[in-house]
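The values are calculated or read from the model by the stated rules, or taken from the named source; none is laboratory data. All values reported here derive from a predicted model rather than from experimental measurement. Here the Cβ is made from the backbone with ideal geometry for all residues, glycine too, and neighbour counts use every protein chain on show. Heavy atoms of the whole protein, side chains included, go into the accessibility calculation; ligands, DNA and RNA do not. Shrake-Rupley method; radii C 1.70, N 1.55, O 1.52, S 1.80 Å.
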Amino acid sequence: MTTRPILIHPDPRLKKRCDPVTEVTEELRLAAAEMLETMYDAPGVGLAGPQVGLMKRILVMDCVKDPEATPRPMVLMNPEITWTSETLNTYEEGCLSIPDQYADVSRPAEVRVRWLGLDGREAEEHFTDLWATCVQHEIDHLNGKLFIDYLTPLKRQLITRKMEKLKRERARL
Ligand code: NI
């Protein structure tokens, strides 16, 4: 298995709206498998296409955090939120494209999402807890939105400057 390099903010590809998946090709299946591998390796609970430079509406996630529990790798293509709860939930979010930065973000506590699976079938599920937060965070990525976009401009700028510094340091290695 191969992992793919994760793009670090700021990057123009992380600000773009992704195109819908029109056909589940062998190439896309491979990309999904490598995205899952990249996510587990990071480690993280979710990863969206643009984070590995794949500008398609595809995301992977697995919010089973207990290492003793059975993993639940999920691949969602063209995901659509069909219902959101009025109740909000606040989680301290992070992002593999914004390493080591965390901030509280409030989102609907529960969502219903419809998507296209790798088998070419439509699926729909009701998500709660971390799953609900994660799926919304990843769908945001497909629309060029990051969790820091929910913060004040000052906080966002501070984090962006740190990331620019990190990228300069990495480029020097
Ligand atoms: Ni993210």
Mean-square fluctuation check for the chain, GNM, Cα pairs under 10 Å: which of L116, L158, L59 is largest?
L158
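Note the direction-averaged projected area, equal to a quarter of the hull surface, for the Cα convex hull of the range 23-94, in nm².
6.3
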From the phi angles alone, apply the Karplus equation (6.51, -1.76, 1.60; θ = phi - 60°) to the range 119-136 and give each ³J(HN,Hα) in whole Hz, x where the residue is Gly or Pro.
7, x, 9, 7, 9, 9, 8, 9, 10, 10, 6, 4, 4, 5, 5, 4, 5, 5
In 5 Å bins starting at zero, report the fraction of Cα pairs in the chain per bin as a rounded %.
1, 8, 17, 21, 22, 16, 9, 4, 1, 0
In terms of Cα to Cα distance under 25 Å, which lysines are near enough to K162, apart from those fewer than 8 places away along the same chain?
K15, K16, K145
Once phi is turned into θ = phi - 60°, what whole-Hz ³J(HN,Hα) does the Karplus curve with 6.51, -1.76 and 1.60 give for every residue of the range 74-80, x standing for Gly and Pro?
10, 10, 10, 10, 6, x, 10
CD proxy, 222 nm, the chain: helix-only mean residue ellipticity via -39,500 (n - 2.57) per DSSP H run with n ≥ 4, per residue, nearest 500, stands at -9500 deg cm²/dmol
Residue-wise HN-Hα coupling along the range 91-101, computed from phi with Karplus coefficients 6.51, -1.76, 1.60 (Hz; x: Gly, Pro)
10, 7, 9, x, 7, 5, 8, 9, x, 6, 10
Where Lys and Arg each count +1 and Asp and Glu each count -1, what net charge lies around N78 among other residues with Cβ under 11 Å from its Cβ?
0
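Protein chains only, probe 1.4 Å: how do E93, E169 rank by accessible area, largest first?
On the way: E93 10, E169 80 Å².
Listed by decreasing accessible area, they come as E169, E93.
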